[in-house]
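Trainee: Structure below; questions to follow.
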Amino acid sequence: MHRLKLLKIGLVVAVIILLYPTFKIGITGIRLVRAGRNTLISAQDYAQNFFSTDKERQIDQAKQLKTDLNKLSQTLTTFNDQSPKSWLTQKMLADKQAQLDLAPDLITIVQKVMTGEQSYVLLFQNTEELRAAGGFLGSYAKVELRDGALENFKIEDIYVPDGQFGWFIEAPTGAKEYLSGGDGLRLRDANWHPDFPTSAQQILTYLAFGKEAGLDGAIAINLPVVEEILDVTGDIYIHDYDQTITKTNFSNVARADRDQFFPGSVQKQHFLATFFNQLLIELQNLNTDQQQLLAKKIITSAMKKDLQFFSHDQDLQLLFEKLNISGKIYQAENASYLMLVESNVGINKANQHLDRAVDLEITDENALIEVTFVNRNLPPSSKNKNPDEADHLGYVNYQRIILSPETDIKEIIFDDQKITGWDEELISNSSGEKFKQVGFLLTLKERETKKLLVKLASSTFSEKSQIFIQKQSGVNSIPYHLKYHDQELSLDLVKDTLVNLDN
């Protein structure tokens, strides 16, 4: 009896020891849920009144959000410290672990942005006129914060600071021949580099010379982001222009004839300011379901590179890179590398109805890239149009292929014609990592389909069983079909993707 009693006591003690970590983390989990709920409520209040003219209320809500964020951060740290000690908790939260790992970084970003004086520029990029970092840079907004409260929000046409820049900077290869017109690299074309942190620093330098100094960073916002926001808010009526703005007509309404713009012009600036003021009113009136839908769309946009973030704050920039929202080009360890980059140098919106598909075949000797371009735009109504000029929607593309430095180009063929004079150089990302860049001009008339063939001679493709394919910002999903020895696989490239070729 005595031994049985001791055995029972020992069993109870063992159960308590085993379950105590789970019980303890359960209490912390309840606190975490409560802290998360409070933070969500204060974040919604903060967002809804971010553009409010009631500054005192705005400041109070910013303080409340920072307080709740601090509590959430502390509770989350405790939860993550306790979680490994409970096998039951780890099993229950296995599918949530990625979100738990992500949350501290997101909280840190918000805390940093809401501390002290912050000044960021929002770069509005028209992806229908594609450029390496996303699209034609037509307008921007300057946002100034003080401890999270909005101090200033100003929308400006890119031609204003561009016209105030009096220096000559040599345009890079490609832009010099097909875009600059002999004027060097201008602010409106300063997002030529496919590495967004590099382009962002170039843009901020130009803006500083154009009397927009002291900026802490830049956020690129592609056209589809605005269209996704309008999908949530619904149509917006602009009284001053007697115009209803929808997700399908925004780009056409917002983009006037570029030849009408000049330093000091206020036409597009006034329209955009009026539109965004009305949009902000609609955003403040979203219900909870609409707010959650908008948050999901914003996250998806960042994953697709329709949102890209850069900060001069090195700690903040490292977080952007860790979350893969910086638009940085980089090579993955133990993998071959490929990135296809287009730039529409035809000064039109030919990207609106352009399709692409990529086939990549890797053998022991080489790799063959085949890109099929389909221009679905309608031909000009006039038969007197010069087919070599992009005065309608023919596609004039300065095509670049970004590769590992050791990769060699053997042959380039477009529309069954060999290209013999391509540009080739080494470029660097913002961290100094080297890449080989190969560039050449391609033209595609309306309703034409043409194929590009690029033969590579490199052991990196055949020897490595992984390939890291980076997606260009501003390009829609592209279907890829890969052949590697006796393996075949297909995927839609919607974000940077590391492909295991052996699976």
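The values are calculated or read from the model by the stated rules, or taken from the named source; none is laboratory data. Because the structure is predicted, anything quoted here is derived from the model rather than measured. Heads up, the Cβs are rebuilt from the backbone with ideal geometry, glycines too, and the neighbour counts pull from every protein chain shown.
Trainee: Name the helices (runs of 4 or more DSSP H) wholly within region 109-215 that hold at least 2 residues that are touching a residue at least 60 places away in the same chain (Cβ under 8 Å), out of contact with any helix residue (DSSP H, G or I) (no Cβ under 8 Å at 6 or more places or on another chain) and among the small types (G, A, S)?
Mentor: Per the criteria, 196-209.
Trainee: Please pick out the residue among A213, A200, A254, A273 that is of a type in the set (A, V, I, L, M) and modelled with pLDDT of 85 or more.
Mentor: On inspection, the qualifying residue turns out to be A200.
Trainee: Among (1) in a loop (DSSP other than H, G, I, E, B); (2) surrounded by 20 or more Cβ atoms within 10 Å (Cβ to Cβ); (3) more than 22 Å from the chain's Cα centre (by Cα), where does K268 come up short?
Mentor: (1)
Each row is one residue, and each column tells you yes or no for (1) at pLDDT 90 or above; (2) among the polar types (S, T, N, Q); (3) closer than 20 Å to H193 by Cα.
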residue	(1), (2), (3)
V121	yes, no, yes
F136	yes, no, yes
Y140	yes, no, yes
V143	yes, no, no
D162	no, no, yes
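Trainee: Among the residues of region 306-338, write down those that are among the aliphatic types (A, V, I, L, M), outside any loop (DSSP other than H, G, I, E, B) and surrounded by fewer than 21 Cβ atoms within 10 Å (Cβ to Cβ).
Mentor: Answer for region 306-338, where residues must be among the aliphatic types (A, V, I, L, M), outside any loop (DSSP other than H, G, I, E, B) and surrounded by fewer than 21 Cβ atoms within 10 Å (Cβ to Cβ): L316, L318, L319.
Trainee: Now a separate question. Any chance you could count how many residues in region 119-148 are under 21 Å from D68 (Cβ atoms) and surrounded by fewer than 21 Cβ atoms within 10 Å (Cβ to Cβ)?
Mentor: Looking only at that region, the number is 2.
Trainee: When both residues are 6+ apart or on different chains and their Cβ atoms are under 6 Å apart, which pairs have a first residue that lies in region 478-503 and is more than 15 Å from A367 (Cα to Cα) and part of a strand (DSSP E or B), and a second that is at pLDDT 90 or above and among the basic types (K, R)?
Mentor: I478/R356; L493/K471
Trainee: To continue, here is another question. Looking at D157, D235, D216, which is the one that is exposed (fewer than 15 other Cβ atoms within 10 Å of the Cβ), in contact with a strand residue (DSSP E or B) (Cβ under 8 Å, 6 or more places away or on another chain) and outside the structural domain of L442 (by TED's automatic domain parsing)?
Mentor: Only one candidate qualifies: D235.
Trainee: When the residues of region 339-373 are narrowed to those that are of a type outside the set (D, E, K, R), closer than 24 Å to V396 by Cα and in contact with a Ser or Thr (Cβ under 9 Å, 6 or more places away or on another chain), which ends up modelled with the lowest pLDDT?
Mentor: Q352
Trainee: A further question follows. Hey, can you tell me all the residues within region 281-292 that are part of a helix (DSSP H, G or I) and either surrounded by 15 or more Cβ atoms within 10 Å (Cβ to Cβ) or outside the structural domain of L137 (by TED's automatic domain parsing) (or both)?
Mentor: Result: E282, L283, Q290, Q291.
Trainee: Find the residue count for region 415-436, including only residues that are surrounded by 15 or more Cβ atoms within 10 Å (Cβ to Cβ), touching a strand residue (DSSP E or B) at 6+ places or on another chain (Cβ under 6 Å) and touching a residue at least 40 places away in the same chain (Cβ under 8 Å).
Mentor: Of the residues in that region, 3 qualify.
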